[in-house]
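Q: Before I ask anything, let me first share the structure, which is written out below as structure tokens.
The values are calculated or read from the model by the stated rules, or taken from the named source; none is laboratory data. Here the structure is a predicted model, which is why all the values come from computation and not from measurement. Here the Cβ positions follow ideal geometry from the backbone for every residue, glycine too, while neighbour counts run over all protein chains shown.
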Amino acid sequence: MAVENPELPPTLAIEGVSHRYGARAALIDVTFSVAPSRFTVLLGLNGAGKSTLFSLITRLYAIQRGHIRIFGHDVVRTSSEALRAVGVVFQPRTLDLDLSVVQNLIYHAALHGIGKRQARARANDLLESIALSQRAHDKVRNLSGGQMRQVEIARA
């Protein structure tokens, strides 16, 4: 079990967030926080506002009302600091099936300005941490669905 540290800000803090699409309210006064080192699951019916909330957290949509903080950084005022700590994995797979596992990781790192040497070292460390080092040079299309998801999470 994780030990709570009251000095650390919440990993994610949502405070009074509301969002509308015209006359239709998607979120109304949503407030919750996620403590450091904790997992949280967000469940809801279709149209409940889950995607809207994630779009607000990642700044895809502008926040109409309320505040969102990631590790204490306001996503509006200090968005680069806040979003630097966030990785997103989408439901549809986004790996390039014709590249190898390590090529996918290095390519994604390059998109974020990480040099090739550092990207390769990080990719190797990540693959070791998810027990896929032996598949580093396999094309992604040859992985199982679960292994593809592991690579996407590592890439995030």
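Q: Any residue at all in segment 133-140 that's more than 30 Å from His19 (Cβ to Cβ), in contact with a Lys or Arg (Cβ under 6 Å, 6 or more places away or on another chain) and not charged (D, E, K, R)?
A: no
Q: Does segment 81-98 contain at least one residue that is of a type in the set (Ser, Thr, Tyr) and assigned by TED's automatic domain parsing to the domain that holds Arg20?
A: The answer is no; no qualifying residue exists.
Q: Shifting gears a bit: Restricting the search to segment 111-126, which residues are within 17 Å of Leu95 (Cβ to Cβ) and at pLDDT 90 or above?
A: Matches in segment 111-126: Ala119, Arg122, Ala123, Leu126.
Q: Let me ask something else about it. For segment 34-51, give me each residue that is surrounded by 11 or more Cβ atoms within 10 Å (Cβ to Cβ) and within 10 Å of Thr11 (Cβ to Cβ).
A: Passing the criteria: Val34, Ala35, Pro36, Ser37, Arg38.
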